[in-house]
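Student: Attaching a single structure in structure tokens format; questions to follow.
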Amino acid sequence: MKLKIQQIDAFTKEPFRGNPAAVCPLDDWLDDSLLQAIAAEMNLSETAFFVKRDDHYELRWFTPVVEVDLCGHATLASAHAIFADSETPARRVEFSTKSGRLSVMREEDLLVMDFPSQPAKPCQAPEDLSKGLGAATEEVLCSEDFMAVLASEEDVRRLEPDLVRFNRLPLRGVIVTSPGNDVDFVSRFFAPKYGIPEDPVTGSAHCALAPYWAERLGKERMRALQVSQRGGEIFCQVRGERVLISGSAVKVMEAELFF
């Protein structure tokens, strides 16, 4: 059996930056163990699989070790692949996912994802978080992930966390964020228990980052950078219980997978 597969760099206009995702269209769903094996073989932070269903697509995301409920960059990459391969390009694509119905719109050179807002609330930092960070925090909050707020972009960039401690934390991962020097805010994201030591650019983390910074800065629209080694640019807009997360994407590889 063989499948077509693409690698698409999300949240960037340049190849080899942003966050790479594998994207695999299917005629129908394969066994979950096979989907997970393909994701492990691709060894990227996320591999996305989708199946066309009438007016929408069913979409699922897998890290090298587990299926996840929500992923931003692989959704962006999937929409990019669908728009690029469509004989009659549409302006909007709808996905059915474990996190409900998600849509992606094309607006000039950006793809705009409509995601659920996941506001973070102040919480007590577990010992493994505080010691794992090894840095002073202004505030610690939690939603799907722990969010540690640092004083400056320089603090976020120079952070060298203890991922063994992060791996013991009860939530999905750890967001580290601060005000940005030239943008509204910056962040990094770590999820070792999901097989992702550091994610290059994390769209889903901005479901919590955007409402936090919108309230703190008094702004509805924001520009952000994820300051990982590859780096990526994200545009956010808070709309009540939804967050619009926008970015660009570029295809860097296509191939056939044999098994």
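The values are calculated or read from the model by the stated rules, or taken from the named source; none is laboratory data. Since this is a predicted model, take the numbers as computed values, not measurements. A quick note on method: Cβ atoms are made from the backbone with ideal geometry, for glycine too, and the neighbour counts reach across all protein chains shown.
Student: Go through the range 119-145 and give me each residue that's among the acidic types (Asp, Glu) and either part of a loop (DSSP other than H, G, I, E, B) or touching a residue at least 60 places away in the same chain (Cβ under 8 Å) (or both).
Tutor: Glu138, Glu144, Asp145 - these are the residues of the range 119-145 that are among the acidic types (Asp, Glu) and either part of a loop (DSSP other than H, G, I, E, B) or touching a residue at least 60 places away in the same chain (Cβ under 8 Å) (or both).
Student: Residues in the range 195-209: is at least one over 13 Å from the mean Cα position of the chain (by Cα) and at pLDDT below 95?
Tutor: Yes, the range 195-209 has at least one match.
Student: All but one of (1) farther than 22 Å from Cys71 by Cα; (2) touching a Gly at 6+ places or on another chain (Cβ under 8 Å); (3) crowded, with 20+ Cβ neighbours inside 10 Å hold for Glu160; which doesn't?
Tutor: Exception for Glu160: condition (3).
Student: Determine whether the range 23-40 contains at least one residue that is touching a helix residue (DSSP H, G or I) at 6+ places or on another chain (Cβ under 6 Å) and in contact (Cβ under 8 Å) with a residue 24 or more places away in the chain.
Tutor: Yes: one or more hits.
Student: Within the range 20-40, does at least one residue satisfy the condition of being touching a Pro at 6+ places or on another chain (Cβ under 6 Å) and closer than 15 Å to Ala79 by Cβ?
Tutor: no
Student: Residues to consider are Lys13, Lys52; find the one that is over 28 Å from Pro197 (Cα atoms) and basic (Lys, Arg).
Tutor: Being over 28 Å from Pro197 (Cα atoms) and basic (Lys, Arg) holds for just one of Lys13, Lys52, which is Lys52.
Student: Only one residue in Glu138, Glu58, Glu41 is at pLDDT 95 or above, in the same structural domain as Ala151 (by TED's automatic domain parsing), over 19 Å from Leu244 (Cα atoms) and surrounded by fewer than 17 Cβ atoms within 10 Å (Cβ to Cβ), so which one is that?
Tutor: Glu138
Student: Here is a further query. Applying the selection to the range 89-129, what residues are among the basic types (Lys, Arg) and touching a helix residue (DSSP H, G or I) at 6+ places or on another chain (Cβ under 8 Å)?
Tutor: Arg106
Student: Run down Glu198, Glu233 and say which single residue is under 22 Å from Glu67 (Cβ atoms), part of a strand (DSSP E or B) and assigned by TED's automatic domain parsing to the domain that holds Ser143.
Tutor: Glu198
Student: Can you tell me how many residues in the range 65-98 are assigned to a loop (DSSP other than H, G, I, E, B) and either within 18 Å of Gly247 (Cβ to Cβ) or in contact with a Ser or Thr (Cβ under 8 Å, 6 or more places away or on another chain) (or both)?
Tutor: 4
Student: On the given criteria, is Glu154 modelled with pLDDT of 95 or more, surrounded by fewer than 24 Cβ atoms within 10 Å (Cβ to Cβ), in a helix (DSSP H, G or I) and over 16 Å from the mean Cα position of the chain (by Cα)?
Tutor: When the stated conditions are applied, Glu154 passes them.
Student: Further, regarding this structure: Identify the single condition in (1) in contact (Cβ under 8 Å) with a residue 24 or more places away in the chain; (2) in the same structural domain as Ile234 (by TED's automatic domain parsing); (3) closer than 21 Å to Ala210 by Cα; (4) surrounded by fewer than 17 Cβ atoms within 10 Å (Cβ to Cβ) that Glu107 does not satisfy, given that it satisfies every other one.
Tutor: (2)
Student: So how many residues does the range 4-32 have that are closer than 13 Å to Glu256 by Cβ and touching a Phe, Trp or Tyr at 6+ places or on another chain (Cβ under 8 Å)?
Tutor: Going through the range 4-32 one residue at a time, the tally reaches 2.
Student: Here's a check for you: in the range 31-49, which residue that is within 21 Å of the chain's Cα centre (by Cα) and in a loop (DSSP other than H, G, I, E, B) is nearest to Ile196 (Cα to Cα)?
Tutor: That would be Ser45.
Student: Return only the number of the condition from (1) modelled with pLDDT under 95; (2) surrounded by 20 or more Cβ atoms within 10 Å (Cβ to Cβ); (3) basic (Lys, Arg) that Arg91 does not satisfy.
Tutor: Arg91 satisfies all of (1) modelled with pLDDT under 95; (2) surrounded by 20 or more Cβ atoms within 10 Å (Cβ to Cβ); (3) basic (Lys, Arg) except (2).
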